[in-house]
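One structure is given here, and the rest of the page talks about it.
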Amino acid sequence: MHIESGPDQAAALFAGAAPSAVFLPDLTLWHRWHAGRGTLPDPWKGMGIDAISASLGVPPWRPLAPWRLETPGVQVSTTETADERVTTWKTATKTLGSKWTRGPDGDWWQAEYPVKTAEDLAPALEIARARRYAIDKARLPPQGTLAVLELPLRPFSEVLHAFIGWTEGLMLLFEAPEAIQQIVDALEERYHSLTSELAGLAPSAVLSPDNLDGQFISPALFDQHMRESYARSVQILHARGAKLVVHVGGPARGLLPGLAAAGVDVIEGVCAAPQSDAGLAEARGLCGPGPVLWGGIAQDALLATQGEEAFIAEVDKAISEAAAGGRAIVGVADRVPVEAVPARLQEVARRVRERGARAAKRG
């Protein structure tokens, strides 16, 4: 069964009405890394994500962020080398700074956060209150084409990921909860205004790229700081016929029930141990019948370091669990890795097509 790419197919995937076996790889990290270095492997040299997806017979996943971040009244400057990026924010009271280093996967890894002590929380609130989002129409796709649009990080997730960090920042979360909450509230106001603007652009889906990780966000923290935010986004998007896709990037079994209760349509990054802690079958039991589950295959399965038999076994298990549980999309959690073996991507696509063809004959 060949999977045609286009709005109808994507809508079917996210509505849970897709065929019994569908493969949707997130090629964004892999493609950005190789395209930027001229190292796209055969048989995909010089090709974009859409063309590569077509060659695999899968729908393309290429979320667009048609907005730019502005902070009037706060002077922002960034300097960047091949391996390091530094950003400073000059507020009325203090200058805060962040530092990123280039990780082995090609992504920027944050090494220093703007909020380093409790004294930095007040200027961080200035930054949050100054924030604005402006839609850049030049970034929008041609009218009538598939539009999966991307939000910024969810405010509480962004505070942890970008403002305070995961070590000393977590201590600040408990030392100064009211100050942290003020920052989150200011970000939430702007965030949901942007969500409404994106919903008005009539996308089939909107991605919330939050990289949720239960090692850092407990179910209690999720319920206190995030569930209502997700529910509000769902309400805004559903009113305009769009779906909400949420990205998880680590152990998430404790967060799955809360995401389902908030009405999230699609949970991306579902995977068993050791990468995460709940495969497609277990995640379905935790979530109930509501959300579409996307994943099942660990990143390591696509690397040459994993044996062929183990790779095939993991892929076949993901396909079987997706078909048995329904409302599922076979994917690589959390994204196709930079060092993925091209032949393994092709093999996953082939095995999914064969499973779908057999199911179609039986039906």
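The values are calculated or read from the model by the stated rules, or taken from the named source; none is laboratory data. The structure presented is a predicted model; accordingly, all values stated were derived computationally and were not measured. Counting neighbours? That spans all protein chains shown, and the Cβs are built from the backbone with ideal geometry, glycine included.
Among the residues of the range 157-189, the ones that are closer than 22 Å to residue 203 by Cβ and crowded, with 20+ Cβ neighbours inside 10 Å come to 2 in all. Is it true that some residue in the range 178-194 is touching a Pro at 6+ places or on another chain (Cβ under 8 Å) and more than 14 Å from residue 129 (Cα to Cα)? Within the range 178-194, one or more residues are touching a Pro at 6+ places or on another chain (Cβ under 8 Å) and more than 14 Å from residue 129 (Cα to Cα). From the list 77, 53, the one residue that fits, being of a type in the set (Ser, Thr, Tyr) and either surrounded by 19 or more Cβ atoms within 10 Å (Cβ to Cβ) or more than 27 Å from residue 191 (Cβ to Cβ) (or both), is 53.
Of all residues in the range 305-344, those satisfying the criterion of being closer than 21 Å to residue 107 by Cα and either aliphatic (A, V, I, L, M) or free of Cβ contacts under 8 Å to residues at least 12 places away in the same chain (or both) are 332, 333, 336, 338, 340, 341.
Criterion applied to 132, 154 was being surrounded by fewer than 18 Cβ atoms within 10 Å (Cβ to Cβ), within 22 Å of residue 236 (Cα to Cα) and either outside the structural domain of residue 197 (by TED's automatic domain parsing) or in contact with a helix residue (DSSP H, G or I) (Cβ under 9 Å, 6 or more places away or on another chain) (or both), and the one residue passing it is 132. Scanning the range 309-330 for residues that are outside any strand (DSSP E or B) and under 21 Å from the mean Cα position of the chain (by Cα) returns 318, 322, 327. Do we have any residue at all in the range 290-308 that's hydrophobic (A, V, I, L, M, F, W, C), within 15 Å of the chain's Cα centre (by Cα), outside any loop (DSSP other than H, G, I, E, B) and farther than 26 Å from residue 40 by Cβ? Yes: one or more hits. Residue 53 fails exactly one of the following numbered conditions: (1) of a type outside the set (Asp, Glu); (2) closer than 21 Å to residue 162 by Cα; (3) in contact (Cβ under 8 Å) with a residue 24 or more places away in the chain. What is the number of that condition? So the condition that residue 53 fails would be (2). Inside the range 223-280, can you point out the residues that are more than 22 Å from residue 322 (Cβ to Cβ), among the polar types (S, T, N, Q) and in contact (Cβ under 8 Å) with a residue 40 or more places away in the chain? Passing the criteria: 229, 233.
In the range 26-45, the residues that are touching a residue at least 40 places away in the same chain (Cβ under 8 Å) reach residues that are surrounded by 10 or more Cβ atoms within 10 Å (Cβ to Cβ) and among the basic types (Lys, Arg) with C-beta atoms within less than 9 angstrom, at least six apart or across chains, in these pairs: 26/335; 27/62; 27/335; 28/62; 28/335; 29/335; 30/335.
Considering 138, 51, the condition of being of a type outside the set (D, E, K, R), assigned by TED's automatic domain parsing to the domain that holds residue 206 and under 29 Å from residue 345 (Cβ atoms) is satisfied by 51 alone.
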